1. Along the charge dipole of the chain, Cβ charges K/R +1 and D/E -1, which of Leu70, Tyr834, Ser278 sits furthest on the positive end?
2. Using only alpha carbon positions, build the gyration tensor of the range 141-287, then give the equivalent ellipsoid semi-axes as the square roots of 5 times its eigenvalues, largest first, whole angstrom.
3. Could you tell me how many cubic angstrom of Cα convex hull volume the range 670-820 has per residue?
4. In square nanometres, what is the average projected area of the Cα convex hull of the range 196-259?
5. For Leu436, list long-range residues whose amide hydrogen, built 1.01 Å from N in the peptide plane, is under 5 Å from its own amide hydrogen.
6. Using the per-residue mean of other Cβ atoms lying within 10 Å as a proxy for protection, in what order, highest first, do the peptides 223-235, 140-152, 755-767 fall?
7. So if I place +1 on the C-beta of Lys and Arg and -1 on the C-beta of Asp and Glu, and nothing else carries charge, what would the dipole magnitude of the range 203-314 be about its Cα centre? I want it in debye, nearest 20.
8. Among the DSSP beta bridges whose two residues both lie in the chain, what percent are antiparallel, rounded to the nearest 5?
Amino acid sequence: MKNKSKKKSIVARLILWVVILGALAALVIFVGIPLFAEDDTFTGELPEIAYYEGGKTPLVMENDALRFELDPTNTHFKLTEKATGREWLSNPADSASDPIALSANKDLLDATLTVTYSTSSGTIDLDNNKYSIQNGVYTIEQQEDGSIRVDYTVGKVEKVYVMPTAITVERFTAFMDAMGSSNSKKAKTYYVLYDPEKLDTKSNKDEIIANYPEVLNQPLYILKSDTSETNKKKIQGYFEAGGYTYEDYELDSQLVAGSSSTLSAVFNVSVVYRLDGSDFVVEVPYEAIRYNPDYPIIQVTVLPMFGAAGTQDEGYMLVPEGGGALINFNNGKLTQSSYYANMYGWDYGTERTEAVSETRSDFPVFGMAKNGGSFICIIESGASNAIVQADISGRYNSYNWVCARYKVLHRDQYNISAKTAQLVYMYEKQIPDTTLVQRYRFIDSDSYVDMALSYADYLEARYPDLNAGSVSEDVPVVVELVGAIDKTVQRFGLPIDTVVETTTFSEAETILDDLLARGVKNLNLRMSGWCNGGITQRVLTSVHVESGLGGKKGMSSLIAKAKAAGVPLYFDGVTCFAYDSTILNGFLTFSDAARFTTREQIKIYPYDVVDYLPAEWMDPYYLVRPQYAQKNASTLISALSDAGAAGVAFRDIGFLLSGNYNPKDTVPREQVLQMNLDTMAEARDAGLNVMIKSGNDYAMPYADIITDMDVDGIKYAILDKQVPFYQIAIHGMKEYATVPLNLADDNATELLRCAEYGTGLNFTFFAESAMIVQDTYHTGYYGAEYADWVDKAVAFITRYQSDMAGLNNQRIVGHDYLASEVTVTRYANGTNVYVNYSDTEFTAEGVTIPARDWCVKGGEAQ
């Protein structure tokens, strides 16, 4: 009996503990992180309405290079280059006569700003021409520093006439006397005197009391309810003659019930214009944005029609696709989509349900060349929230245009219940603390090379150490060696997840010796998959060198070997994602994972290449909080510094940029950008060289070398030409290489692109047979077997480094299309590199370029 009683007691205790744990879990889920917490309240300020009351005299800014004239009646402006007399307009001068544009599109042509806000049924765009300028709902101020600020109220604001709807007898009499007998006689006909003692005789007594409750206390003159808009305008003129001001209007409005009621879809957005030497600078301070929380503002577009080119103009638009791309004016590609690209790629802190294509740009520059002149627009601040857009004439209007749109409040959808299809949006709690800055530079040329060189001048001025002479004469060769991968293998008849070595440290030494013996110059090694579970690396709360690769001893030997050979050796790490990590690795999803605005943890699945949807049959991974990522990066930097490594290779920093929009711990994208810069500075201070992927412009000055630079981008059908804009700007100042040639879809074309863009070469290898990646998620490495590729790779490298000798530290000063598939890149020392992508040889400038090949002529290279 005692044993039975004891067993029952144990069972009861177990049940009790299960109940307690269940209750605690429910407490955490439903109390600790409620969907709508008390602190999810609106933290901004409601919009205000103000009307322009100034004159018609243009406001002017002027210096030795530029003259800026703003028309106060519509806030349009003209910018004149003094050296050439060339004029750039904020809006097309003849928009009213556009034969294509419908009414709504004509409003957009005359807009200097658009606002996009969200509703329960979708998003709505408001242009500030129809919803601000035409109603005069804006103010203009020339500030002490000479800059001009325009404060817009954008929205469906009812036209306000500066005249009293209700006014006391004393004030009414005073204004009647002041406006003169003729005007007063006319004005009095539109008002009715309501006396508290005689209200019972009025048939509309209840309506009057409801609208003007002060009438119970004193007599009021009240405007007749049937007064037309035309007559209101006349009455406004009468009172204006009597000295009636907007302040008087606000005072008398207090007599009207509901006059201070909450505004609907109305927004305050300010734009500041200033001249900075030969540059024109446009700012949008986010701190000045006001909105009704029922209508969250999600995007703002700045100067959408600046410099817009008509059907008679000649030129093109420059967009930051790949290394750069051109869209010719009036190219007739109306069946193709307009251009659209996210700056720095997708923000993984924002949810998406499918991924058809990954739009991204590495450098925040767009521009236009028109009729012999050009401009570039550099997004100097706020680029992490930018989307570059461009379109041609003939679709919605007769103009070619390019501009930037910016995200303001991020949002995500939340499914309220599995029993309903209803979705709601949840938003960032407050607008990020930033100021958008667009810097326009003007060039007396319509050449994209001159535009790129102007951008290079900007980079050199902003980052004085960028051109510090650290670039080698020989083009760089980057070789990534994959140390280990994760794979499911059979053990004792059971599937076991394990780490499989693909390149040990000893084998890496052998490959290093082999490449140097074969004459490879300016070699840079990147060791990936060397710690914490291999290429699918677990979080870096601590660093554990894979023992199967040789452990710390093998790592130290490789470091010593590379140092003795003068080869920079970089160790790879990923900081912003948590792969296959648990609390045992120092990763707790509840506290360490980033969250959407809905408070849901950001769990990411790879996307299926067939239907572009999340492949939920694959292992997910998490986006981590930026603070957690930065701490892990510090751990990696410390470990590599202690090990005596030459450098750190970030797989994500400088390439990916994602915010955390958890309402309790919001870290917007612009703040993450600064945190990444701090991390790279920390690495440099620790004596480590820095290698990054892709080369986002903000990270480029801090990196010693850039790999995997996407010079092609997405081949949008609306594009007419690919050009090496970004590469022209940074060549000779920074070493960079494209994607791994042996893993490229078409390595022959990729090698030609390297020659045209002046890039280094990049390869990814491992020592094992390619069959090792069979039945894994790493089949993208099928072409990475070193033994299978080394002869071809060395042949590529030997010829390429020989032909391009002495060019890596030279500036690119020219680039031309000699034919649709033949280009020439010109260097400062007089060397020309001709590239022929066609299947037939081509002769130009006295040079015959073989089919699908390149040749180098002139200068010091022959």
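The values are calculated or read from the model by the stated rules, or taken from the named source; none is laboratory data. Fair warning: this is a prediction, and the values are worked out from it, not measured in the lab. A quick note on method: Cβ atoms are made from the backbone with ideal geometry, for glycine too, and the neighbour counts reach across all protein chains shown. These accessible areas exclude ligands, DNA and RNA; they are computed on the full protein's heavy atoms, side chains included. Shrake-Rupley method; radii C 1.70, N 1.55, O 1.52, S 1.80 Å.
1. Highest projection toward the positive end goes to Leu70.
2. Those come to 39, 19, 13 Å.
3. Residue-normalised Cα hull volume stands at 175 Å³.
4. Mean orientational projected area (the range 196-259, Cα hull): 5.0 nm².
5. The list, which skips near neighbours in sequence, is Val284, Tyr286.
6. 755-767, 140-152, 223-235
7. 380 debye
8. Percent antiparallel among DSSP bridges in the chain is about 80.
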